[in-house]
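Comments concern the structure below.
The values are calculated or read from the model by the stated rules, or taken from the named source; none is laboratory data. Being a predicted model, the structure only gives us computed values, none of them experimental. Cβ: placed from backbone, ideal geometry, glycine included. Neighbour counts: every protein chain shown.
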Amino acid sequence: MSKNLSKLNALIEQMAINEGSSSSMIEGVGVYRSAKSPKCAPHFYEPLICLVSSGEKLCHVGESTFRYQAGDFFINFLPMPVSTEVTSNEILSATLNINLVKLADMVLRIEREEEAHPDVARAEKSHSTSCVVVGKASEVLTDTFIKLLTVSNHPLEAAILGESIVDEIYYRILTSEHGYALRILLNQYGQIQPISKAVNFIHNNMDRTIQIHELANIANMSKTSFFNAFKNLMHVPPMQYVKSTKLQKAQALLKQGMQANEASFHVGYNSFSQFSREYKRFFGFPPSHTH
């Protein structure tokens with residue numbers, strides 16, 4: 001383990017007092033600690049950047065599996081249901097929720113400066129159709145996360161310096177070896193923009209039946225083009241994403257104390273028996289066993 005990674009790991013150990021996620025004084029910045037998983041567990045990932053300081057984890061998205069371990073970063077650009085398992089005794093990581101508007105703004109700022117300074121070295125051209133990216137964190141990126149967590153423990157420094165350090169992390173990611181592919185995904189010509197509109201529609205209309213032709217229209221694509229673009233980006237077909245997202249939302253409502261029949265109605269199910277069957281198939285236990 002490098003000196004920088006050891007320092008980051010020590011910071012996370014101090015901050016991650018409890019199992020799971022712990023927040024900090026900077027909005028969207030936190031740390032994560034989890035013990036080894038006995039089996040795969042379904043979760044819902046919001047857009048985030050994660051830098052692992054120790055341990056290893058598998059993230060299953062549809063038919064794709066992403067492995068990330070100490071020294072790796074994991075990026076997820078859009079909200080998605082996943083199944084995860086910690087394969088080491090424990091995993092520790094720093095986490096940063098992604099603000100897609102600010103990230104897209106950083107893309108524009110970088111491209112403007114590159115045009116103004118054509119002699120400056122640029123990220124190598126590469127392409128990706130996935131909204132999930134795993135790569136090796138550079139020493140500079142690791143050091144920037146150390147700065148972020150350090151100031152996040154001090155109210156004044158968090159308020160004054162936090163936002164600029166978050167911007168630096170965006171910059172480091174977008175100018176890394178994966179930067180060109182990420183920028184293509186994020187800019188107005190990339191597929192993430194129309195798919196993002198469809199994803200937002202799904203999350204804003206959980207209480208009704210959603211059809212694929214509606215989503216294709218929102219993305220301004222034919223049904224076939226939309227299906228292929230969505231699956232390439234999100235690793236699952238659109239309607240599977242809709243179902244998984246609804247069930248994850250239902251579980252969150254149940255954990256808040258809502259009755260199962262009411263939760264099923266809130267996520268657009270007209271048949272409670274169908275909801276119960278699909279819930280049990282997805283989570284491995286019926287709604288009544290959720291706590």
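Give the residue, chosen from F66, F74, that is in contact (Cβ under 8 Å) with a residue 24 or more places away in the chain and buried (at least 21 other Cβ atoms within 10 Å of the Cβ). On inspection, the qualifying residue turns out to be F74. Checking V101 against (1) at pLDDT below 90; (2) part of a helix (DSSP H, G or I); (3) more than 19 Å from the chain's Cα centre (by Cα); (4) not aromatic (F, W, Y), only one condition comes out false. Which one? Among (1) at pLDDT below 90; (2) part of a helix (DSSP H, G or I); (3) more than 19 Å from the chain's Cα centre (by Cα); (4) not aromatic (F, W, Y), V101 violates only (3).
Could you list, in sequence order, all residues of the range 28-51 that are closer than 24 Å to F145 by Cα, of a type outside the set (A, V, I, L, M) and outside any loop (DSSP other than H, G, I, E, B)? The answer is G30, Y32, R33, S34, F44, Y45, C50. Condition check for L78 on (1) under 15 Å from the mean Cα position of the chain (by Cα); (2) assigned to a loop (DSSP other than H, G, I, E, B); (3) closer than 29 Å to K3 by Cα: one failure, at (3).
Only one of the numbered conditions (1) modelled with pLDDT of 95 or more; (2) assigned to a loop (DSSP other than H, G, I, E, B) is violated by V242, and that is (2). Condition check for L58 on (1) surrounded by fewer than 22 Cβ atoms within 10 Å (Cβ to Cβ); (2) within 28 Å of K243 (Cβ to Cβ); (3) in contact (Cβ under 8 Å) with a residue 40 or more places away in the chain: one failure, at (3).
When restricted to residues that are part of a loop (DSSP other than H, G, I, E, B) and either surrounded by 17 or more Cβ atoms within 10 Å (Cβ to Cβ) or not hydroxyl-bearing (S, T, Y) (or both), the range 252-289 contains 11.
Would you mind stating whether T175 is in contact with a strand residue (DSSP E or B) (Cβ under 7 Å, 6 or more places away or on another chain) and in contact (Cβ under 8 Å) with a residue 60 or more places away in the chain? Here the answer is no, as T175 does not meet what is asked.
Whether any residue in the range 229-252 is of a type in the set (S, T, Y) and out of contact with any strand residue (DSSP E or B) (no Cβ under 8 Å at 6 or more places or on another chain) is what I want to check. For the range 229-252, residues of a type in the set (S, T, Y) and out of contact with any strand residue (DSSP E or B) (no Cβ under 8 Å at 6 or more places or on another chain): absent.
Taken over the range 218-250, the criterion of being surrounded by 19 or more Cβ atoms within 10 Å (Cβ to Cβ) and polar (S, T, N, Q) is satisfied by S244, T245, Q248.
Residue by residue through the range 52-75, note down the ones that are more than 24 Å from H203 (Cα to Cα) and outside any strand (DSSP E or B). If the condition is that a residue be more than 24 Å from H203 (Cα to Cα) and outside any strand (DSSP E or B), then G55, A70, G71 are the ones that fit. Residues being part of a helix (DSSP H, G or I), of a type outside the set (G, A, S) and more than 22 Å from I49 (Cα to Cα) are entirely absent from the range 180-188. Once the range 28-49 is narrowed to residues that are over 15 Å from the mean Cα position of the chain (by Cα), charged (D, E, K, R) and modelled with pLDDT under 95, the residue that is surrounded by the most Cβ atoms within 10 Å (Cβ to Cβ) is K36. Confirm whether I110 is farther than 19 Å from C50 by Cα, in contact (Cβ under 8 Å) with a residue 40 or more places away in the chain and among the hydrophobic types (A, V, I, L, M, F, W, C). Answer is yes for this residue. All of E168, E214 fail the test of being surrounded by fewer than 20 Cβ atoms within 10 Å (Cβ to Cβ), outside the structural domain of S130 (by TED's automatic domain parsing), modelled with pLDDT of 95 or more and in a helix (DSSP H, G or I), apart from E214.
Screening S138 on (1) surrounded by 17 or more Cβ atoms within 10 Å (Cβ to Cβ); (2) modelled with pLDDT under 90 shows it passes everything except condition (2).
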